[in-house]
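So the structure is just underneath, and the comments pick up after that.
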Amino acid sequence: MTIPILTGYRRDPEGTHPPLNSPDYLSTGLRHPKQPLVLLPQRLTELTGPVLGEGRLGSNDHDLTAQHRAAPQGQRIVVHGRLLDGDGRPIPDALIEIWQANAGGRYRHDRDRWDSPLDPNFDGVGRVLTDSAGRYEFITIKPGAYPWRNHHNAWRPAHIHFSVFGRAFTQRLVTQMYFPGDPLFFQDPIFNAVPEAGRQLLISRFDYERTRPGWALAFEFDIVLRGHDATPFEDDEDDDDI
């Protein structure tokens, strides 16, 4: 079978997504594609399973603070927004997953050697389906910054990883949400690999109206899939920054 080269693929406008090879982000030198992309047709197997649906979500999958008997440490936050297409239309019934570090900047991951303690009451993963208006909401803990090995005195700004699935598990986009006013933006090559015009699309908005009095702060983060306002996405999962 001849595999066609990606000639008719609809690309977003330039100036939104980071280049596949970003020299300051050292691991892209090992991970970025060296050959032209090719189109792999999706066949019946990829399009029919596994099936997403409300019955496959747990009752506390959206609430990362209620997945254990005791509450996790840290500042509770509500993260909410809408999933939209390039024309501003909501995308319903889409699976959104998140994963993040705990309040001390530690992931529950075997490769994380940062000596900040693990939180026994925080796993750092959640998922939810968007509603009929494309809305989603997570309850979680604001993650902490953490050091990584990319460059001298390198620290990742506080962030939450987002994964957006389409109609099948082969249709997936990954991005990161940052918090407003973070002092570590200046030295983070992942954030700065995004063209300057697109960086603000990765920063959530503090939402005082959705803050829960005496309980949790709130941040709004819309995800736009296509067009000039598209959320910058990664070429693959950013799981080697811990």
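The values are calculated or read from the model by the stated rules, or taken from the named source; none is laboratory data. As the structure is a prediction and not an experimental result, all values here were calculated from the model. When we count neighbours, we look across all protein chains shown, and the Cβ atoms used for this are built from the backbone with ideal geometry, even at glycine. Calculation scope for accessible area: heavy atoms of the full protein, side chains included, ligands and nucleic acids excluded. Shrake-Rupley method; radii C 1.70, N 1.55, O 1.52, S 1.80 Å.
Note on the range 24-55: residues that are in a loop (DSSP other than H, G, I, E, B), within 23 Å of the chain's Cα centre (by Cα), modelled with pLDDT under 75 and of a type in the set (D, E, K, R) total 0. Of the candidates Gly86, Gly105, the single residue that is out of contact with any Leu (no Cβ under 9 Å at 6 or more places or on another chain) and either of a type outside the set (D, E, K, R) or touching a residue at least 24 places away in the same chain (Cβ under 8 Å) (or both) is Gly105.
For Phe191, state whether it is free of Cβ contacts under 8 Å to residues at least 60 places away in the same chain and farther than 18 Å from Arg76 by Cα. Criteria met by Phe191. Candidates in the range 151-186 are the residues that are open to solvent by less than 20 Å² (accessible area, probe 1.4 Å), of a type in the set (Gly, Ala, Ser) and over 13 Å from the mean Cα position of the chain (by Cα); of these, the one that is nearest to Ala66 (Cα to Cα) is Ala168. In the set Gly214, Gly227, Gly181, Gly198, only one residue is assigned to a loop (DSSP other than H, G, I, E, B) and at pLDDT below 95; that residue is Gly227. Yes or no: Trp148 over 24 Å from Glu209 (Cα atoms) and open to solvent by 40 Å² or more (accessible area, probe 1.4 Å)? Against the criterion (over 24 Å from Glu209 (Cα atoms) and open to solvent by 40 Å² or more (accessible area, probe 1.4 Å)), Trp148 does not qualify.
Only one of the listed residues (Val128, Val164) is in contact with a Phe, Trp or Tyr (Cβ under 7 Å, 6 or more places away or on another chain) and either closer than 25 Å to Asp229 by Cβ or among the hydroxyl-bearing types (Ser, Thr, Tyr) (or both). That residue is Val128. Considering the range 149-178, the residues that are at pLDDT 95 or above and aromatic (Phe, Trp, Tyr) include one that is farthest from Asp131 (Cα to Cα), namely Trp155.
In the range 67-83, which residues are open to solvent by 40 Å² or more (accessible area, probe 1.4 Å) and either without any contact (Cβ under 8 Å) to a residue 60 or more places away in the chain or not in a strand (DSSP E or B) (or both)? So that I can check it myself, show each step before the final result.
From the range 67-83, those open to solvent by 40 Å² or more (accessible area, probe 1.4 Å) are 67-71, 73-76, 82; that's our starting set.
Correct list: Gln67, His68, Arg69, Ala70, Ala71, Gln73, Gly74, Gln75.
Out of the residues in the range 114-162 that are polar (S, T, N, Q) and without any contact (Cβ under 8 Å) to a residue 40 or more places away in the chain, state the one that is nearest to Phe233 (Cα to Cα). Explain how you work it out, then say what you get.
Taking the range 114-162 as the starting set, the residues that turn out to be polar (S, T, N, Q) are 116, 121, 130, 132, 140, 150, 153.
Within this subset, residues satisfying the condition of being without any contact (Cβ under 8 Å) to a residue 40 or more places away in the chain are 116, 153.
Details: Ser116: 29, Asn153: 26 Å.
Across the range 114-162, the extreme among qualifying residues is Asn153.
Every residue in the range 147-165 that is in a loop (DSSP other than H, G, I, E, B) and not small (Gly, Ala, Ser), please. Of everything in the range 147-165, those that are in a loop (DSSP other than H, G, I, E, B) and not small (Gly, Ala, Ser) turn out to be Trp148, Arg149, Asn150, His151, His152, Asn153, Pro157.
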